[in-house]
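Input: a single structure, listed below in structure tokens.
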Amino acid sequence: MPKRPPQARAEGPLSPAVFHILLALAEGEKHGYAIMREAERLSDGQVRLGPGTLYGSIKKLLGSGLIEESGNRPDPELDDERRRYYRLTENGLRVLAAETERLTRLVRVARARQLAAPAPVLRFGGAG
Amino acid sequence: MRALAVRGGQRHVAAYRALLRLYPWRFRRRFGEEMLQLFRGRLHDERERGRRGGVALLWVRTVADVARTAPAERVRAAFDLDWRERLPSGGRSGLAGYAARRLLLAVPVLLGASLLVFVVIRTTVDPLGGCALNPRVSVADCLRLRRQLGLDRSMPMQYLLWLGHFLRGDWGRSLISNRPVLPDVRSALANTLVLGLAATVLSLVVGTAIGMVSSIRRYSAFDHLTTGGAFLGLSIPGFWFALLLQVVVGVELTRLLHLSTPILPTAGLASPGSHGFHLVDRLRHLALPIVVLSVQEVAIYSRYVRASMLETLGAEYLRTARAKGLRERTVVTRHALRNAVVPITTVAGLSIGALAGGLIITETVFQYPGMGQLFVTAMRQGDYLVVLPWVMVAVTFMVVLNLAADIAYALLDPRVRYAW
């Protein structure tokens, strides 16, 4: 049987851990530790992915074809050879975009109901 | 930077490595090393930051992480839920879709089977055949009765009328006894399930045990004895063996030992005159039918297990298992038997079907009020209103059991999954 490309599974909301992992991988391939650091940075330290959570999600994402293991290493000189790098697949990118779109819509609704700060500009100004 | 992290953290890392044992081994083999590295990295971060209690906090978080994810991975591994993600379709339809398709296919099978049985029974046996022969009943009465029971309608009409009622949950009443069909079928089904299940479990256990021992001690006296026994068991016709047991246990042994009653009852479900349910009495009544049903099954299973075991015992992974220094018992039970039983599931699924045939004969000989006896009685009387629901129930059972065997096969053997 010819292997069909996995379907994008954009219907369901992604779990926070999965969304952060995809987001962290959006700007380039990373190994597990870097994904964790990036997720922490993106969320201002709110999302701390434990090893079990991180690799449990990575296993699922690998299985559903949203990410894949990458063969080449960005910096072979400095690198630990036991590290494995992961990167987004095309499908993963599509799912990430769909989920972002979904969240944006939700945020827009929440803003319209004055539940959140009206515009991101204010937040940067206010936070100082 | 990473070299620094490794130094000084050995005890913590060793502790985390021990914690990793809580994850299923497949998960550990794939991600364990990376998880250790991640932990090392975080440990290094905490030390570099030098916060008070930082490492303790890391441990609290890590233990919480393990406590949350390790059981989840264990469950996934135990029920093998990850096959969904390995499926090319992304697992959307997967096993549930496969099962749904198979069950949907059962609908034409049910209709075809019931139609076939209806045609056979309506063209061969006249339920009111006795009426015309009875000199005390007038011809007019016979015709009236025929009209009342709807037997004067055309055959397709009779079938469609029955089907319409059945689909709406109305199982109707027997043509002959005028008893409602549903409770009769239900109690017959319960009795048959008890008998069939007991015989299946017994023959699986005994057959597997015999097959295992005779494969390990190949060409020993035990092997020759059970091989001969198996061919004898396969060759004995069930009805003859049932009658033989009745004669030997019920008559000859009783006479030989000068008893007033036989050691084991040879007919029925309960002793005459007893009321309610008595476990011991019921088991005594079940004993002979179970033996009759099991003889062939034990013979079949023991042969298949023996052949399947011999094949696995010669496999290279067993040499590896022995070379690893595993005990012979572990090698045989954990490595050989596990792989050997996989083909047995198919055999079991099929032979449960064969058991249904054996049940009809056995129940009739032993006067056991189960599905087999219900079928034989109704068929003989041309009572199609009892036979048709019987067919529906029996065919549904067959379809579900076959499906269950196929699913079990797929769950036991990962290679089967990709074929879907």
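The values are calculated or read from the model by the stated rules, or taken from the named source; none is laboratory data. All figures in this text were calculated on a predicted structure; none of them were measured in a lab. As a convention, Cβ positions derive from the backbone with ideal geometry for all residues, glycine included, and neighbour counts pool all protein chains shown.
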Taking residue B:373 as the residue in question, decide whether it is touching an Asp or Glu at 6+ places or on another chain (Cβ under 6 Å) and over 30 Å from residue B:409 (Cβ atoms). yes
Looking only at region B:210-222, how many residues end up being touching a residue at least 60 places away in the same chain (Cβ under 8 Å) and either in a helix (DSSP H, G or I) or within 25 Å of residue B:359 (Cα to Cα) (or both)? 6
Candidate set: region B:7-23, residues that are under 16 Å from residue B:73 (Cα atoms) and within 11 Å of another protein chain (Cβ to nearest Cβ); chosen: the one surrounded by the most Cβ atoms within 10 Å (Cβ to Cβ): B:23
In region A:10-36, what residues are surrounded by fewer than 17 Cβ atoms within 10 Å (Cβ to Cβ) and free of Cβ contacts under 8 Å to residues at least 60 places away in the same chain? A:11, A:12, A:15, A:16, A:27, A:28
Enumeration of residues in region B:148-169 that are in a helix (DSSP H, G or I) and modelled with pLDDT under 85: B:148
Quick check: is even one residue across region A:78-89 more than 17 Å from residue B:34 (Cα to Cα), of a type in the set (Val, Ile, Thr) and modelled with pLDDT of 85 or more? yes
Consider residue A:96 carefully, then state whether it is within 12 Å of the chain's Cα centre (by Cα), surrounded by 14 or more Cβ atoms within 10 Å (Cβ to Cβ) and at pLDDT 85 or above. yes
Name the single residue, out of those in region B:61-82 being within 9 Å of chain A (Cβ to nearest Cβ) and under 27 Å from the mean Cα position of the chain (by Cα), that is modelled with the highest pLDDT. B:76
Under the condition of being within 29 Å of the chain's Cα centre (by Cα) and aromatic (Phe, Trp, Tyr), which residue from region B:154-173 is nearest to residue B:374 (Cα to Cα)? B:171
In region B:27-60, which residue that is part of a helix (DSSP H, G or I), surrounded by fewer than 13 Cβ atoms within 10 Å (Cβ to Cβ) and at pLDDT below 90 is farthest from the other protein chains (Cβ to nearest Cβ)? B:56
Would region B:192-206 turn up any residue that is at pLDDT 90 or above and assigned to a loop (DSSP other than H, G, I, E, B)? no
What is the one condition in (1) touching a residue at least 24 places away in the same chain (Cβ under 8 Å); (2) hydroxyl-bearing (Ser, Thr, Tyr); (3) farther than 24 Å from residue B:376 by Cβ that residue B:124 does not satisfy? (3)
Checking residue B:362 against (1) modelled with pLDDT of 80 or more; (2) closer than 29 Å to residue B:100 by Cα, only one condition comes out false. Which one? (2)
Taking region B:98-144, which residues are within 27 Å of residue B:160 (Cβ to Cβ), surrounded by fewer than 13 Cβ atoms within 10 Å (Cβ to Cβ) and among the hydroxyl-bearing types (Ser, Thr, Tyr)? B:123, B:124
Within region B:304-330, can you find the residues that are surrounded by fewer than 20 Cβ atoms within 10 Å (Cβ to Cβ) and closer than 15 Å to residue B:213 by Cβ? B:307, B:310, B:313, B:328, B:329
Within the bounds of region B:16-26, is there any residue that is out of contact with any helix residue (DSSP H, G or I) (no Cβ under 7 Å at 6 or more places or on another chain) and closer than 19 Å to residue A:32 by Cβ? no
Which number in (1) within 29 Å of the chain's Cα centre (by Cα); (2) touching a residue at least 24 places away in the same chain (Cβ under 8 Å); (3) assigned to a loop (DSSP other than H, G, I, E, B) marks the one condition that residue B:176 misses? (1)
If you go through region A:1-17, how many residues are modelled with pLDDT of 85 or more and more than 13 Å from every other protein chain (Cβ to nearest Cβ)? 1
Of all residues in region A:21-55 being among the charged types (D, E, K, R) and part of a loop (DSSP other than H, G, I, E, B), which is nearest to the other protein chains (Cβ to nearest Cβ)? A:48
